[in-house]
Structure formats: C-alpha cells, structure tokens
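Everything on this sheet refers to the single structure shown next.
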Amino acid sequence: MKLDLPWEPPDFTAGSVWLVGSGPGDPGLLSLLALHALGQADDIVHDALVDPSILALARPGAVLHHAGKRGGKPSPQQPDISKTLVELARRNRRVLRLKGGDPLVFGRGGEEALALEAAGIPYRIVPGITAGIGGLAYAGIPLTHRDTNSAVTFITGHASGGVLPDGIDWRAVAQGAPVIVIYMALKHLDGIARQLMAGGRAADEPVVVISKATTPAQRILETTLARAAADAARSGIEPPAVVVVGRTIRLNPGNNPAQ
C-alpha cells in the first residue's frame, strides 16, 4: 500500500520490527505510520483485540500470526511472542507487532522492545490511541474538564496472573484521583469497588463501563460504584472494557456517530 501524501514515511526495512498501536478498534483512528506499516509488513503478529477491519488493511501476501491473550483461555506466553518477533526478523522479514490501543499502555510492548534490543534487532515504536482516551471520547466523556477534574489516574484491573493487583495503594488512589480509568476491570469490579469505597469514595459515585469501545459493538453502562459489579453482571456487558469512576461530564452520545 503506497500512501499518496505530501510526506515520505520512514522505511520499514527488512530485518526490523515495528511495535505499533492500532487504537481501540475503529480503523479511522489508525495513525499514518500504522497504516504505512500495515501496507509494508511481511509478517503481522497481532493481538486478539486488533479489530478485523484493521487486519483487512494488510498488504496482500502478508502472513498473519495470532498472538492474542484472553483471560481464562489458552494464550501464547509472552516469552514465546518475543521469540517469534526475533526469529522472524532474523529471517530478514519486515515484522509488524500490532497491538490494540497503545503498545506501551498496559500492553507489554516495553517487554518486547527489551527483548528485541537484547537480540540486536532494530525496532520502532509507533504509539496508538489507548482505550482510556479514545473509548471515553466515543462514549461522550471528556477525560478532563475544568468543571470536574484536572487530573486522572490510569490503573489496571488485574495483575499479570489475572488476580486483583495487590501493588496498588487503593486508598491513595481513592483519595487522590478525581477520575479513575481502569483497564481490564470487569472480572474484579466488585473487589475494586470495595477497595475504593473503603478508601473513601462514595457508594453513589458515578461509574461508566464502556465495552468494545469505538467499534459498532460498543456498549455503555451507567451505574454507581456500589452497584457497578452487579449491574455489569446483570447487563451481560462483555470485555474488553474500560471502567470510569468519577463525577465527570457525560455529553450527549447521540452526537457521536459510533453510538
């Protein structure tokens, strides 16, 4: 795919790896560098969260390698994914490691970059729009607004082993973050809500759950901190999802064509 632009993208050289964020799902949110990489790559090692409409933009003949990790299901191990990237690059292939959202926001792209560096493989990191920003925008929620908050905290809802993270000072988060955006939180939503309420957050504080953000399957659940886990279970809302806690502005979702 040759982009007809008044700008010359960098060469995607054989024997190198590009770690690229594909955004939260809508292919319109791809960066120009991401689109360029899709049109040049020989091999695309992609996450489960990369939307099929984005993979459809790959150049004809590109080899797709599924490397998605999904909770509770058999998944490739991270060392094996990094090994695959190194081996493909050593075969003088142009390797695209395509990740949902941003590769360095809860995406383990840093681990892959370190593995490539240790192996002497040249690489480039291309940021993408993370769901905690793009998903909120498509749901009509400004991440910051001067009437509500001038700070925001991003946290993960589960540790690498799939359990509730125990390295987070939940009390400090509860007391210091006016708006909290939680990734991968559905499984442990009850425990997270309890931790935040124990830290001082009100039971009736607004919570918004955004499922499959920016895609045609996007769903939005509005609830409260005390009811969030029960309401999410009752609604059948599914991952991937981001959870927003805080008294932030909720704009009219009818103004967004994704709704």
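A few comments on the model shown:
- Within a Gaussian network of the chain (alpha carbon springs, distance under 10 Å), most fluctuating of A62, A37, A228: A62
- Contact order for the chain, expressed relative to its length and based on alpha carbon pairs under 8 Å spaced 6+ residues apart, stands at 19 percent.
- With the helix formula -39500 (n - 2.57) applied to DSSP H stretches of n ≥ 4, the chain reaches a computed 222 nm mean residue ellipticity of -7500 deg cm²/dmol.
- The ranking of K99, K212, K187 by Cβ neighbour count inside 10 Å, starting from the fewest, reads K187, K212, K99.
- Three-way shape call for the range 17-129 based on the alpha-carbon gyration tensor, with the a/c threshold at 1.5: rounded
- About the Cα centre, charge dipole magnitude for the range 132-250 (Lys/Arg +1, Asp/Glu -1 at Cβ), debye: 120
- T224 long-range amide H proximity, modeled H, under 5 Å: V207
- The range 7-39-the range 181-238 distance, computed between alpha-carbon centres (Å): 32
- The range 128-227: radius of gyration over Cα atoms, expressed as a fraction of 2.2 N^0.38 Å: 1.05
- Taking amide H as placed 1.01 Å from N in the peptide plane, the amide H of V45 sits under 5 Å from that of H65, L96, R97, L98, each at least 5 places away or on another chain.
- When S22, S53 are arranged by Cβ crowding within 10 Å, least crowded first, meaning fewest neighbours, the order is S53, S22.
- Relative contact order of the range 132-250: 32 percent, from C-alpha pairs under 8 Å at least 6 residues apart in sequence.
- Taking other C-beta atoms within 10 angstrom as a stand-in for reagent exposure, M197, M184 fall in the order M197, M184, fewest first.
- Counting Lys and Arg as +1 and Asp and Glu as -1 over every other residue whose Cβ lies under 12 Å from the Cβ of H145, the net charge comes to +2.
- Relative contact order %, the range 17-129, counting alpha carbon pairs below 8 Å whose residues are six or more apart: 43
Laboratory data are not the source of any read-out in this text; all were calculated from the coordinates shown. Everything numeric here is computed off the predicted structure, so don't read it as measured data. Counting neighbours? That spans all protein chains shown, and the Cβs are built from the backbone with ideal geometry, glycine included.
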